[in-house]
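Undergrad: One structure follows; several queries about it will come next.
The values are calculated or read from the model by the stated rules, or taken from the named source; none is laboratory data. It should be emphasised that the depicted structure is a prediction, and the values quoted were computed from it without experimental measurement. Glycine gets a Cβ as well: all are built from the backbone with ideal geometry, and neighbour counts include every protein chain shown.
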């Protein structure tokens, strides 16, 4: 199943990278605030006036926790982050979007998943059905730099029928 | 000595009568579907007072009816479930289930060996690895399937369980006689039995209740998943949907063309458990991959 998705992804990437799937019309999706680390935003607090370094390298002076494991062979930070306005994300069209709209970035390469997401099938909607429901951003569940969903510890199994917590 | 025992007796009689009074009123209570609004209000008030006494919390017991043009349906994405059981415990807390003696879960997460989904011999729900998901398994949560054609309802000798107009299969705990025919009749093991009063830590009582749902059960009654009737009838997702970290669980109105449940039925490969039994579950499993 995995293999199938990936070959599909690659096909998708080579064929239609620059076409926005799901139409170009911008729909609105209410989302909770993006899960940025405390104190990191606005990025421009540091980056304003700082020289831009577009070379692929190991970062030593900041963001040392970020290790890019996301199609890193073919891209680097400034494919997603705008070099001049660090408070925005950058689409391949050059258009800048807010961190609250990072799904627009993801949809460039993950069209079918994005479509499912808008329907509430991939990812998750919470709150009230009518009007007030919100969408979790892709980045609430996937670290954009290392998006693989990590294994987690399960909650405990139920007590067996004869367990001392269960018997009369 | 005299004085003391007289006082003791008086006290005892006092308690006795008030107790009898409550029992009588409960005993004489009508079937939920036959109560007038006024009678419902009286019952609700009595329950709220009881919960305040027993748990020290002001509860709100809704008797809210089904909304028109609504038929609730559930979707579960087997490609995404990682078997973490967050839903199981979110359900317990939301629905005021007994925590121990007995521990009553409305959701059972079954672990199945990949590639051999038909063979239920390898299925188990006590798995406990360090982390999930595990390489060779898939996970299938099972709960009440809210059948259109529910066998549990058919076998109830006193009509204590029935299907609501919005499709929810519910139980009037005050009407249930504890015969457990419904438990035997359910092909999905969707029902559990309260052989004693529920053990719920006072501070964990969820005060937002529905009469046909998560109000604390009484001794010797059957209960089960209600799709969180107390939440969905006021427009909120069930607790298990909200708790799921992977977005495996989907919920919505089958009659609403824009609901996620309709989207997945129309766009994904869906199946229902034991379709050959003609129970017509409103619980759709699907594969998004």
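Undergrad: Name the single residue that is surrounded by the fewest Cβ atoms within 10 Å (Cβ to Cβ) among those in segment B:254-271 being within 25 Å of residue B:65 (Cβ to Cβ) and touching a helix residue (DSSP H, G or I) at 6+ places or on another chain (Cβ under 7 Å).
TA: Top of the filtered list is B:256.
Undergrad: Check whether at least one residue in segment B:123-133 is within 20 Å of residue B:31 (Cβ to Cβ), touching a residue at least 24 places away in the same chain (Cβ under 8 Å) and surrounded by 17 or more Cβ atoms within 10 Å (Cβ to Cβ), and report yes or no.
TA: The answer is no; no qualifying residue exists.
Undergrad: Evaluate the following for residue A:73: is it closer than 26 Å to residue B:259 by Cα and either away from chain B (no Cβ under 11 Å) or exposed (fewer than 15 other Cβ atoms within 10 Å of the Cβ) (or both)?
TA: Taking the combined requirement at face value, the residue does not satisfy it.
Undergrad: Any chance you could count how many residues in segment A:128-145 are more than 22 Å from residue B:81 (Cβ to Cβ), in contact with a strand residue (DSSP E or B) (Cβ under 8 Å, 6 or more places away or on another chain) and more than 7 Å from every other protein chain (Cβ to nearest Cβ)?
TA: Selection size over segment A:128-145: 1.
Undergrad: Can you tell me which residue within segment A:104-123, out of those that are within 11 Å of chain B (Cβ to nearest Cβ) and under 13 Å from the mean Cα position of the chain (by Cα), is surrounded by the most Cβ atoms within 10 Å (Cβ to Cβ)?
TA: In this case the residue turns out to be A:117.
Undergrad: While we're looking at this one, here's another question. Is at least one residue of segment A:146-153 at the interface with chain B (Cβ under 10 Å from one of its Cβ atoms) and either more than 30 Å from residue A:71 (Cα to Cα) or buried (at least 17 other Cβ atoms within 10 Å of the Cβ) (or both)?
TA: no
Undergrad: So residue A:49 passes all but one of these: (1) touching a helix residue (DSSP H, G or I) at 6+ places or on another chain (Cβ under 8 Å); (2) on the phi > 0 side of the Ramachandran plot. Which condition number does it fail?
TA: Result: residue A:49 fails condition (1) only.
Undergrad: Filter segment B:102-158 down to the residues that are part of a strand (DSSP E or B) and either out of contact with any strand residue (DSSP E or B) (no Cβ under 9 Å at 6 or more places or on another chain) or within 14 Å of another protein chain (Cβ to nearest Cβ) (or both) and list them by number.
TA: Across segment B:102-158, the qualifying residues are B:108, B:109, B:110, B:111, B:124, B:132, B:137, B:138, B:139, B:141, B:142.
Undergrad: Specify the residue that is farthest from residue B:109 (Cα to Cα); the eligible residues are those in segment B:185-199 that are away from chain A (no Cβ under 12 Å) and part of a loop (DSSP other than H, G, I, E, B).
TA: Per the stated criteria, the residue is B:197.
Undergrad: So residue A:86 clears everything in (1) touching a residue at least 12 places away in the same chain (Cβ under 8 Å); (2) more than 21 Å from residue A:52 (Cβ to Cβ); (3) surrounded by 17 or more Cβ atoms within 10 Å (Cβ to Cβ) except one condition, right? Which one?
TA: All conditions pass for residue A:86, except number (2).
Undergrad: Quick check: anything in segment B:82-89 on the phi > 0 side of the Ramachandran plot, in contact with a strand residue (DSSP E or B) (Cβ under 6 Å, 6 or more places away or on another chain) and facing chain A (nearest Cβ under 9 Å)?
TA: Looking for residues that are on the phi > 0 side of the Ramachandran plot, in contact with a strand residue (DSSP E or B) (Cβ under 6 Å, 6 or more places away or on another chain) and facing chain A (nearest Cβ under 9 Å), one finds at least one in segment B:82-89, hence yes.
Undergrad: What about residue B:275, is it more than 14 Å from every other protein chain (Cβ to nearest Cβ) and at pLDDT below 95?
TA: On the way: more than 14 Å from every other protein chain (Cβ to nearest Cβ): yes; at pLDDT below 95: yes.
Yes; evaluated as a whole, the condition is true for this residue.
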